[in-house]
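Heads up, the thing below is written out as structure tokens.
Bear in mind that the values in this text are calculations on the coordinates, not laboratory data. A quick note: this is a predicted structure, and the numbers were derived from the prediction, not measured. Because the Cβ atoms are built from the backbone with ideal geometry, glycine has one as well, and the counts that use them run over all protein chains shown.
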Amino acid sequence: MIKSLAFLHSTASAADHQKLASFLAAIGFEPGSTWDEEASQGALFFTPRGGIELIFGAMPFFSEFSVEVTSVDAAYQAAAAWLRADSPSPEALELESLLTPVADTDWKSRYFTVEPVPGHKFSFWAWDATKTDPLKGKPIAVEGDLSAAGMKFAIVVSRWNAVITDRLLEGAIDGLLRSGAQQADIGIVRVPGAWEIPAAARTIAEQGSVDAIITLGCLIRGETAHYEAIYNEVARGIGQSQQETGIPHSFGVLTCETLEQALNRAGIKAGNKGFEAAVAALEMVSLSRKLAQVKASAQ
């Protein structure tokens, strides 16, 4: 039933809005979709994990925004650097009035608070690894985020079995737009059938103009071995293109026994595999970027 969760926070001016957006991006939030209308403007920011936490008892240091981080010291340095960069006179900046020192809590964690814009205070905290399980509060896996903001995609879709592939295409576009992609950043390439998908995907990947490629098609088993021959080559070609170019390719080519099975997988009963392929593509782009950051930080 529940689709998403967002906490709406209003700023007093457009300048405050821009400053807070800059601060959140600097501290490590993932930018999402934005809007700019006559009556208002807004920006969505994502975190790897979110939820509603109910607390019984006093937690006096928490501000309206409580943000768990993997390293409170790194977050503190990022906040301090942003405050200095934002100040017109860094040498006269009274940093202690905007940023509290990192302090211990009575529940085995460390925290600090920062007020980048008057009236908008944030608390950043992390578990103290010296007093608790070293892995508590820390990610044990690198995972991609589900935000397509700023990413470019190509969708390669076959015309053969269009009653199915058109539904897959609609699902893929829906998945990208819901995740923050812009219409202008989604390119659609139509090919005659599934056999032609790998060649088109490889050409696009070698151009290097997109972050990921979503392949969509539909093969329905007939009375001959033609089905197996086509499927094996399509799967091999898409996989080889991904491995040799380094551009993520998501696999949305259906292989079904009957037309009914294909319709079910194109949104009738079993979800839309085009939507799923789009989500997989954007997650792999995000993961690739994070792995590149991990590699760079390790050097």
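If the limit is 22 Å between Cα atoms, which of LYS152/LYS273; LYS152/LYS269; LYS19/LYS121 go over it?
Violating the 22 Å Cα-Cα cut-off are LYS152/LYS269.
Just to compare against my own numbers: the Cα pair-distance distribution for the stretch 14-127, 10 Å bins, whole % per bin, please.
Computed distribution, short to long bins: 12, 43, 33, 11, 1.
Averaging the inverse of every distinct alpha carbon separation and then flipping it gives the Kirkwood radius. What is it for the stretch 174-299, in angstrom units?
Result for the stretch 174-299 stands at 15.7 Å.
When a/c reaches 1.5 or more, the comparison of a/b and b/c decides; with that in mind, is the chain rounded, prolate or oblate per its Cα gyration tensor?
prolate
Looking at the chain, send over the antiparallel percent of its DSSP beta bridges, to the nearest 5. Provide the component values of the computation, followed by the final result.
On the way: 16 of 39 bridges.
Taking every DSSP beta bridge with both residues in the chain, the antiparallel ones total about 40 percent.
What angle do you read, to the nearest 10 degrees and between 0 and 90, between the alpha-carbon axis of helix 197-207 and the longest principal axis of the chain?
The two axes meet at around 40 degrees.
What's the ranking of 210-216, 154-160, 10-16, 122-128 by average number of surrounding C-beta atoms within 10 Å, highest first? All intermediate terms of the calculation are to be shown ahead of the outcome.
Details: 210-216: 26.9, 154-160: 22.7, 10-16: 11.9, 122-128: 21.0.
The packing order, highest mean first, is 210-216, 154-160, 122-128, 10-16.
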